1. Do any helices (runs of 4 or more DSSP H) lying entirely in the stretch 41-118 carry at least 3 residues that are over 16 Å from the mean Cα position of the chain (by Cα), and which ones are they?
2. For the stretch 78-118, name all the residues that are farther than 20 Å from Leu61 by Cβ, open to solvent by 70 Å² or more (accessible area, probe 1.4 Å) and hydrophobic (A, V, I, L, M, F, W, C).
3. Of the residues in the stretch 1-39, how many are modelled with pLDDT under 90 and part of a loop (DSSP other than H, G, I, E, B)?
4. So which pairs qualify, if the first residue must be in the stretch 115-143 and farther than 11 Å from Gly15 by Cα, the second must be in a loop (DSSP other than H, G, I, E, B) and open to solvent by 20 Å² or more (accessible area, probe 1.4 Å), the Cβ gap must be under 6 Å, and the two must be at least 6 apart or on different chains?
5. Could you list all residues from the stretch 144-190 that are among the acidic types (Asp, Glu) and under 11 Å from Gly38 (Cβ atoms)?
6. Out of (1) over 19 Å from Leu184 (Cα atoms); (2) in contact (Cβ under 8 Å) with a residue 24 or more places away in the chain; (3) open to solvent by 50 Å² or more (accessible area, probe 1.4 Å), what's the single condition that is false for His7?
7. Please count how many residues of the stretch 3-48 are under 17 Å from Ile161 (Cβ atoms) and in contact with a Gly (Cβ under 8 Å, 6 or more places away or on another chain).
8. Would you mention how many residues in the stretch 40-57 are open to solvent by 30 Å² or more (accessible area, probe 1.4 Å) and either among the acidic types (Asp, Glu) or touching a residue at least 40 places away in the same chain (Cβ under 8 Å) (or both)?
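The values are calculated or read from the model by the stated rules, or taken from the named source; none is laboratory data. Since this is a predicted model, take the numbers as computed values, not measurements. So basically every Cβ, Gly included, is an ideal-geometry build from the backbone, and we count neighbours across all protein chains shown. Ligands, DNA and RNA are excluded from the accessible area calculation, which covers all protein heavy atoms including side chains. Shrake-Rupley method; radii C 1.70, N 1.55, O 1.52, S 1.80 Å.
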Amino acid sequence: MRKAASHSAFDNAQGQLFGIIMTAFGISLLHAAGLITGQAAGLAFLISYATGANFGLVFLLVNLPFYALAAARIGWRFTIRSLIAVTGVSLLTSALPLVLSYSVIQPHVAAVLAGFCIGIGVIGLFRHGSSGGGVGILAYYIQEKTGFRAGWLQAMIDVLIFAGALFVIDGKALLASMLGAAVLNAFVAFNHRTDWYVAR
């Protein structure tokens, strides 16, 4: 029997770093355009916009309850990697405005680019035994156990997040944000499949 392909420690480290950077970059695009996304990051955006709190700190705190699920149902290795990923995204999203700014940013373009960036970042994390935290942990667990696509579950959660956004951002920003979330979830749903990617 042919031995299953596996990731080395270096494979996982570089994959996780890539996922962190792409996710943080996508979030920076959304923040600069005054948009939101779904899942735990979307909840963190809503709290940040409503209170003026730092997004990175709120994102870190919002994710804490999901680590209990990760530890109990998926394992400590996944939990620790996810904690590293979320901490990395939180720190990087706080630091990026110090070194990167946008003089012109069209909301719909920002939404689509952010959707692709965050989507590929999330897949990078998933494929190397990690996640961007929050709903990603739940989605990863359910896909691994049932085969139900992670992207579709995340889309259902997004409906609730965007309903709350009606009270925080204006209609044009909400529509652009929904476009970005649709791109993100479709990208993950169509490209993250256990039957396509076999390395562990």
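1. Fully inside the stretch 41-118 and qualifying: 76-99.
2. If the condition is that a residue be farther than 20 Å from Leu61 by Cβ, open to solvent by 70 Å² or more (accessible area, probe 1.4 Å) and hydrophobic (A, V, I, L, M, F, W, C), then Leu98, Val99, Val104, Val109, Leu113, Phe116 are the ones that fit.
3. 10
4. Every condition considered, the pairs that remain are Ile142/Phe148.
5. Taking the stretch 144-190 first, the residues among the acidic types (Asp, Glu) are 144, 158, 170.
Across the stretch 144-190, the qualifying residue is only Asp158.
6. Checking His7 against (1) over 19 Å from Leu184 (Cα atoms); (2) in contact (Cβ under 8 Å) with a residue 24 or more places away in the chain; (3) open to solvent by 50 Å² or more (accessible area, probe 1.4 Å), the one that fails is (3).
7. Residues in the stretch 3-48 being under 17 Å from Ile161 (Cβ atoms) and in contact with a Gly (Cβ under 8 Å, 6 or more places away or on another chain): 11 in total.
8. Here is the first cut: in the stretch 40-57, the residues open to solvent by 30 Å² or more (accessible area, probe 1.4 Å) are 43, 47, 49-54, 57.
Imposing the further condition that a residue be either among the acidic types (Asp, Glu) or touching a residue at least 40 places away in the same chain (Cβ under 8 Å) (or both) reduces the set to 43, 49-50, 54.
Counting residues in the stretch 40-57 that are open to solvent by 30 Å² or more (accessible area, probe 1.4 Å) and either among the acidic types (Asp, Glu) or touching a residue at least 40 places away in the same chain (Cβ under 8 Å) (or both) gives 4.
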